[in-house]
Amino acid sequence: PTAPKPATLRPAGSAAPRQLQFFQEQFSALTPNTDSAYVLAYLVPPGPGNVVVIQGKAPTFAPGDHPSPWPSATEDVRYWSMCVGLATAVLPTVMNPLPSGGTDSGCRADDQTRLSANGEYAYVLGAEADRAQIESVAGTTFLPLSTAQPTTIHVLMLRNMLVNPSFTSSPQRVTKSKDAAATAAVMGAYYPHAAICPLSTLVTAGVSGCGK
C-alpha cells in the first residue's frame, strides 16, 4: 500500500513514495544540520505477529564519541544511525516507557548496531513485547514500534553525518529527492531494503528467511 506523507514533508499535490521504499530527503526546518543527510521510508505498522526487517551494508565509521581527526583515511562517515519516528508534523522519535521505569528510544547509533562479518546490519522493528524473541535471532538489532500509537504511520530514518568525500554511496550523493529508484542507484549495497515478515518466520528461519 501507499502510505500518506505528512504535509510538512512534501508540496501539496505531490505523490507520496510507497511505504518501505527509502528515498532521499533533506529537512531544512526540522533538522538544520548541513553535515547530515537522510533517507526515509514510510511504514504502516504491520500488526500483531509481524515485524519489519531492514537490511543493508553499513558505512565504516569512527568508533566512540571522543574527538578524532576528520576526514579519516579509513572511515566512510563520522557517525550514522537508524531511527523510527511518527509521521506527524514534527516527526517525533518513538519513545516507549518500559516496565523497569526507563525509556526505549527509537534510535540506534552506529555502535549500538549489530553488524555481520561483512559489515551488514539487520534492524527488526516490532512491538516491545516481542523484543526478547527478536533479539534472540542472530545478527538482529531491535527497533521499537510505538507503544502509545501502534496504528500511526511510522517514518524510518537512516542518517549519515560528516561523510568522507571519498564515500560515494551516501545519501549526500543523491540529487533526485523523493525518488526511491534514484536513491537505490546511488547507494548501491548501502541502500536499506525493508520487508514485512512474520515474527515466526524470523525466529525459525533467521534474517535470511525475510528476504532482501
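The values are calculated or read from the model by the stated rules, or taken from the named source; none is laboratory data. Note that the coordinates shown come from a computational prediction; the quantities given were computed from them, not determined experimentally. As a convention, Cβ positions derive from the backbone with ideal geometry for all residues, glycine included, and neighbour counts pool all protein chains shown. Calculation scope for accessible area: heavy atoms of the full protein, side chains included, ligands and nucleic acids excluded. Shrake-Rupley method; radii C 1.70, N 1.55, O 1.52, S 1.80 Å.
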Cα gyration tensor shape of the stretch 36-75, rounded if a/c is under 1.5, else prolate or oblate by comparing a/b with b/c | prolate
Which sequence of L115, L145, L98 reflects their accessible areas, 1.4 Å probe, from the largest down?
-> L115, L98, L145
Find the accessible area per residue for the stretch 149-208; the probe is 1.4 Å, ligands and nucleic acids are left out, and the unit is Å².
-> 46
Go ahead and run the numbers for FRET between L115 and T175, Cβ-Cβ distance against an R0 of 35 Å, rounding to 0.05.
-> 0.75
Interchain or long-range residues, amide H under 5 Å from I153's placed H | A87
GNM, the chain, Cα, under 10 Å: largest mean-square fluctuation among P48, P71, P99?
-> P99
Taking the stretch 89-212 and dividing mean pair separation by its residue count, relative contact order in percent (alpha carbons under 8 Å, at least six apart) = 19
Protection proxy ranking, peptides 173-182, 104-113, average beta carbon neighbours within 10 Å, highest first = 104-113, 173-182
Cβ-Cβ FRET estimate between A189 and S68, R0 fixed at 25 Å, reported to 0.05 = 0.50
Two-decimal log10 I(q)/I(0) for the chain, as the Debye equation yields it once each C-alpha is a single scatterer, q = 0.14, 0.17 Å⁻¹ | -0.84, -1.26
For the stretch 54-101, dividing by residue count, accessible area per residue (probe 1.4 Å) in Å² works out to 50
The percentage of the accessible area of the chain (probe 1.4 Å, all protein chains present) made up of carbon and sulfur atoms, to the nearest whole number, is 57
